[in-house]
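The values are calculated or read from the model by the stated rules, or taken from the named source; none is laboratory data. Small disclaimer: the values here were computed from a predicted structure and weren't measured. Reconstructed Cβ throughout: ideal geometry from the backbone, glycine too, with neighbour counts over all protein chains shown. Protein only, heavy atoms only, side chains kept; ligands, DNA and RNA dropped before computing areas. Shrake-Rupley method; radii C 1.70, N 1.55, O 1.52, S 1.80 Å.
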Amino acid sequence: LMKSFRFGHDDLSLYGSFHAAQQSNLPIQPAVLLCNPLGQESVRLHRFYRVLAERLSRLGIAVLRFDYYATGESAGEEVEGRLARWCDDVLEAHRELIRLSGAKKISWIGARLGGSIALQAATRLSGSLDRLILWEPVLDGPAYLAELAQDHARAVARPGLSLHPQASARPDGEALGFAMSQGLIDDIAQINARVLTRATPVRTTWVIGQPDDTDLAATVQAAQATQPTLKHQALSVPFAWTSEEALNTSLVPPAALQALSQLMEDARS
């Protein structure tokens, strides 16, 4: 029941895959939009998102997966990617999901940079969201750029050569095989935890992180002072997002699949 297609208000520049709900007898028909992370993280999350979408579809929840402009199967060159355009794409995909599903109760799920993009897009949403689920969102842009730069350096290092992972604080036009313009790098550098404190029309925002990520838990707790709808959930999933170590971990972690499915199952009531 998956339908792949192109959409967009101007030039059909975005590519999406819609998974229709396989149950129509629910009192409330929910739907969910899946927001991709960046580059190699998106590649590694692709199968997980597809399995999650199929599972939710069987539970009666419609799902839309899509590629931002200049990523994946959507139009545009990699170097054209910018956060502002990707926020626009999230809002466009949100409208498309409503059109396709007819659902009145919409949620978004975003992983890593996809969570940060979803947060920024939610501040501009004219309607409302039932829940926003952020899986290890990027809340410190400079630290994330340094992580990308270091992991890229490790990936291209030749055997026997010494490597100084902290030598570069930012990617130099590329990160793990994906081009990054200076504009996109500058966009990401501006991301910080204050985005959690901005007002959004979301009933509940869940921030999911590793149990040992005490910084994330503390960040959420601090933001709850102004945004009481924020909630934190610990999830133990050994998934190395940007390093080659990810190849030795499950591409569809059962614990993550169960946790995200359960949060969306709760939305049906």
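Assuming residue 119 fulfils every condition listed in (1) surrounded by 16 or more Cβ atoms within 10 Å (Cβ to Cβ); (2) more than 15 Å from residue 191 (Cα to Cα) apart from one, which condition is it?
(2)
For the stretch 43-70, name all the residues that are among the small types (Gly, Ala, Ser) and touching a residue at least 60 places away in the same chain (Cβ under 8 Å).
Selection gives 60 alone.
Give the residue that is nearest to residue 108 (Cα to Cα), with candidates limited to residues of the stretch 203-236 that are β-branched (Val, Ile, Thr) and open to solvent by 50 Å² or more (accessible area, probe 1.4 Å).
Residue satisfying both the conditions and the ranking: 229.
Among the residues in the stretch 9-17, are any among the polar types (S, T, N, Q), in contact with a Gly (Cβ under 8 Å, 6 or more places away or on another chain) and farther than 19 Å from residue 121 by Cβ?
No - not one qualifying residue is present in the stretch 9-17.
Evaluate the stretch 31-52: report whether one residue or more is in contact with a strand residue (DSSP E or B) (Cβ under 7 Å, 6 or more places away or on another chain) and loosely packed, with under 15 Cβ neighbours inside 10 Å.
No, the stretch 31-52 contains no residue that is in contact with a strand residue (DSSP E or B) (Cβ under 7 Å, 6 or more places away or on another chain) and loosely packed, with under 15 Cβ neighbours inside 10 Å.
Checking residue 134 against (1) buried (at least 24 other Cβ atoms within 10 Å of the Cβ); (2) free of Cβ contacts under 8 Å to residues at least 60 places away in the same chain, which single condition isn't satisfied?
(2)
May I ask you to verify whether residue 65 is open to solvent by 10 Å² or more (accessible area, probe 1.4 Å), touching a strand residue (DSSP E or B) at 6+ places or on another chain (Cβ under 9 Å), within 22 Å of residue 122 (Cα to Cα) and not hydrophobic (A, V, I, L, M, F, W, C)?
It is true that residue 65 is open to solvent by 10 Å² or more (accessible area, probe 1.4 Å), touching a strand residue (DSSP E or B) at 6+ places or on another chain (Cβ under 9 Å), within 22 Å of residue 122 (Cα to Cα) and not hydrophobic (A, V, I, L, M, F, W, C).
Identify all residues within the stretch 104-116 that are open to solvent by less than 10 Å² (accessible area, probe 1.4 Å), outside any strand (DSSP E or B), touching a Phe, Trp or Tyr at 6+ places or on another chain (Cβ under 8 Å) and not hydrophobic (A, V, I, L, M, F, W, C); write none if there are none.
Residue satisfying the conditions is 115 alone.
Take the residues in the stretch 75-103 that are open to solvent by less than 10 Å² (accessible area, probe 1.4 Å) and not in a helix (DSSP H, G or I); name whichever of them is nearest to residue 38 (Cα to Cα).
81
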